Amino acid sequence: MNHPSIRTVLLSPLLALALAGCGKQSDGGTAASNGSQGLKQIMQARGLSEADVEAALLTYRPTGKKDDYVIFASGGQSGQVLVIGVPSMRLLKVVAVFTPEPWQGYGYGGLGNKVLEGGNQHPGTQLTWADVHHPNLSEANGEYDGRFLFVNDKANARVAVVDLHDFTTKQIVPNPLVMSDHGGAFVTPNTEYVVETSQYPAPLGREYAPLSEYKEKYRGLAMFWKFDKEKGRILPEASFGVELPPYTQDLADAGKGPSDGYVFINSFNTEMATGGILEGNPPIESGASQNDMDFLHVIHWKKAEELVKAGRAKTIKGVKVLTMDVTGPEKVLALIPEPKSPHGVDVTPDGEDIVVGGKLDTHTTVYSFQKIKALMEAGTAEGKDGYGLPILPFQDSIRGQTEIGLGPLHTVYDGKGFAYTSVFIESVVAKWSLKDLKVVETLPVHYNIGHILAAEGDTVSPDGNYVVAMNKMSIDRFANIGPLYPQNFQLIGIDGPQMKLLADMPIGIGEPHYAQMIKADKLKPLKVYPMGTNPYTNQKDEFAVTPGKERIERKGKDVHVYMTAIRSHFTPDRIEVEEGDRVHLHLTSAEQAEDQVHGFTIDMYNVNLSLEPGKHENVTFVADKPGAFPMYCTEFCSALHLEMMGYLMVKPKGAK
Ligand code: K7E
Ligand code: CUA
C-alpha cells in the first residue's frame, strides 16, 4: 500500500551509491560503476539535478509495468472524463460522457445516441457539450468501491453515471428545476444519493421572472438523486430536492462517519447582487463581495428524506421539493456565517470537521460537526435570514481558523493529520496540521492552482502518498502552442517529511476542475463483452446476431440487416436498398479475443460505431442519398483490415 515510502527509503541510498560511482563495491562493482558513469553523463548532458533524477525514478514506469493508482479527472469544457495513471501521469483514456466521441462510436447513430438524447434539457435540442466540474466515485462505507463514477455538467444542470465495469456512460439525468449546477456530483457514504446543488439562482422549474423579483422568485436547490447500485441507475422518481435561498451556492460535500446524514454547501453572493452595469449598478463581482460573511448551508438529509416520505414536499415540474417554510422550522436546513465568498468545503476523513476555503479571506475555517449538530438540535440561533432560516452563531460553530495565505480554495487530506489546501493567488500548496491549525510547509506550483486531489482523498482512509495540484495556468512549463495554453497537473509526493514535486502533465482538452484518485486494483472492468451485449443495458440485445444467422429482412420500406463483424469481414457485406428506405442495422461483434476491436462506418451517412469484442449495436437511418457507399472497418484490426469493407447500395428512386 505504501510502496512510495518504501521506495523513497530505498531510493536515496541507491541513488547516492550510483552517483558516487560505487568504487568500493567488491562484487558487481564494474557493472555498477559503468552504469553510474553513464547516469552521471546523462545528468550532466541534460542538466538534471539529483532531485530531478529521483523524481524521474519515482514516476517512471518501464513498458509493461502498470500504475498503482488511477485518476478520474474532469475534462472541463470537453464534456468528457480523463483517465490518468499515477505515478506515471500517462493518459489512459478519455471517457465519452456528455459530448459525442467518435472513437468510442458515441453519438454517431448507435446505442450511445439514446444516452445523449436522455440528457437533453429540451426535447429536440441536442446538447453537444458540457462544463464538467466534479467527478466522484461511488462509495461503500465511505470507501471508493470502484463501481461507478458520477459527473456534473455545470452549464446545463445535468448529472451523468459512468459504469466502471466497462467505462461507459449509461445515463445522463437532466435536472428539470435549475439552470446550472456546481456542488456535485458528490455522493453520500453508501452512495444512497448523488448530490447536485445549483449554482446561479433562477426561478425553480425554469420559469421566467424579472431580475427585479430576484429575492422573491429566484432560488437555489440541493438535489438528492437516488442511486440504485444494483440497477446502476439514478432513479428520478425516488429523488427529491431541498429549496435554498438565492445565495449562489458553490461547492458541497457530504458528511461521513459521525456527520453521515448531513450535507454542507457554501455560498458566495448572499448580497444577492444581480449586476446591471449599464443601469449604473456595480458589476456582480463587486456587488457580491460586499459582505464579510456569507453562509455555509447545513442540510440534515436523512431528516429531509423522512419529511419527503411523510408527504411534506411540494411537487415542482414532477420533482418533490422541500421548501424553506418546512426545512427551517423542522431544523433540516440551517445557515452558519462563513468568511468571505469562500470556495471549497471539504469534510475531514474522520467526519468531525468541515473545512471551508476562504477565497477572499486568507483563512481556512474549521467547523466542528459536533458543535453544529448540538446547536441545530437545540434550536440555538443568533437570528434568522430573510427566508426564515436559522443562522447559527459563527464562533460557537467553529473549532478554529488557519492562516493560509491569499486565495485558499480546496482542501484534501492525507489521513495522517495533515490537510493540503490549494492557494490560488499565491500559487502554492499549503500543508497544515489539523490538530493545531498551523501551516507546516508550502510548495510553489505552476501556476495558480485550482483544485487539489489526494490518493483515495475523499474516503474515510486517504492513502497519504500523493496529491495532485490541478493548475489553471502553465505559462512557461511547456512548448508554445499558441495563445490557448494547456492546464498543468503536477504530481506531488507527500509520503516523506517534505512535499516533493515529481512530474508535470499538460492537459490539452479542456479545463479540468476536480478529480479523484483510486487504487488501481479496486477497478475490475470487463475485458470482452459476452457476445451480443448491449452495453447500455448490460444484457444480450434482443437483436443480437449469432454467426451463421446473418440475414437481410425487408418489411415494406423497413430493411433489417442482421450483421456480424469478425476478422476480417462483415457479413453481409452488401446491402441493397431503395432511396427512402429505412435501414435498421443490427451489428454484433463476433470476436471474443482481448483487444480485438473493429469499427464500422458508412461513408457520407455520419454512421460511426466502435465494436469492442462481443458488443452489439443498433442503428436506424433513412437511406435518403442514392449512391454506392463504402462501409468499412475503422480500426486497424488485422493484416486484412483494409479489406474489411462492403457496400451500401442505395438505388435512386425510379431506377430500374
Ligand atoms: Cu473549478 Cu470545484 Cu467548479 Cu474550484 S471549481 S477550481
Ligand atoms: Cu476490423 Cu479493421
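The values are calculated or read from the model by the stated rules, or taken from the named source; none is laboratory data. Given the structure is predicted, the values throughout are model-derived calculations rather than measurements. Neighbour counts run over all protein chains shown; Cβ positions are idealised from the backbone, glycine included. The area values use the complete protein model at the heavy-atom level, side chains included, leaving out ligands, DNA and RNA. Shrake-Rupley method; radii C 1.70, N 1.55, O 1.52, S 1.80 Å.
Miscellaneous remarks
- Test: Glu237 is assigned to a strand (DSSP E or B) and either hydroxyl-bearing (Ser, Thr, Tyr) or at pLDDT 95 or above (or both): yes
- Candidate set: region 386-421, residues that are within 16 Å of ligand 1 (Cβ to nearest atom) and closer than 19 Å to Asp294 by Cβ; chosen: the one surrounded by the fewest Cβ atoms within 10 Å (Cβ to Cβ): Leu406
- In the set (1) open to solvent by less than 10 Å² (accessible area, probe 1.4 Å); (2) out of contact with any strand residue (DSSP E or B) (no Cβ under 7 Å at 6 or more places or on another chain); (3) hydrophobic (A, V, I, L, M, F, W, C), the condition left unmet by Leu221 is number (2).
- Residues being over 20 Å from Gln104 (Cβ atoms) and either surrounded by fewer than 22 Cβ atoms within 10 Å (Cβ to Cβ) or more than 16 Å from ligand 1 (Cβ to nearest atom) (or both) are entirely absent from region 605-618.
- Candidates Glu237, Glu243 - the one that is in contact (Cβ under 8 Å) with a residue 40 or more places away in the chain and open to solvent by 10 Å² or more (accessible area, probe 1.4 Å): Glu243
- Scanning region 600-656 for residues that are near ligand 2 (Cβ under 9 Å from one of its atoms) and aromatic (Phe, Trp, Tyr) yields Phe600, Tyr632, Phe636.
- Of Gln596, Gln592, all but one fail to be among the polar types (S, T, N, Q), away from ligand 2 (no atom under 11 Å from the Cβ) and more than 29 Å from Ala655 (Cβ to Cβ); the exception is Gln592.
- Region 307-325 - residue that is β-branched (Val, Ile, Thr) and closer than 20 Å to Ser267 by Cβ and, of those, most open to solvent (accessible area, probe 1.4 Å): Thr323
- Number of residues in region 362-378 that are open to solvent by less than 50 Å² (accessible area, probe 1.4 Å) and either more than 29 Å from Lys215 (Cα to Cα) or in contact with a Lys or Arg (Cβ under 8 Å, 6 or more places away or on another chain) (or both): the value is 8.
- The lone criterion from (1) open to solvent by less than 30 Å² (accessible area, probe 1.4 Å); (2) more than 19 Å from Asp595 (Cα to Cα) left unmet by Pro630 is number (1).
- Hits in region 43-95 (condition: in contact with a strand residue (DSSP E or B) (Cβ under 8 Å, 6 or more places away or on another chain) and basic (Lys, Arg)): Arg61, Lys66, Arg90, Lys93
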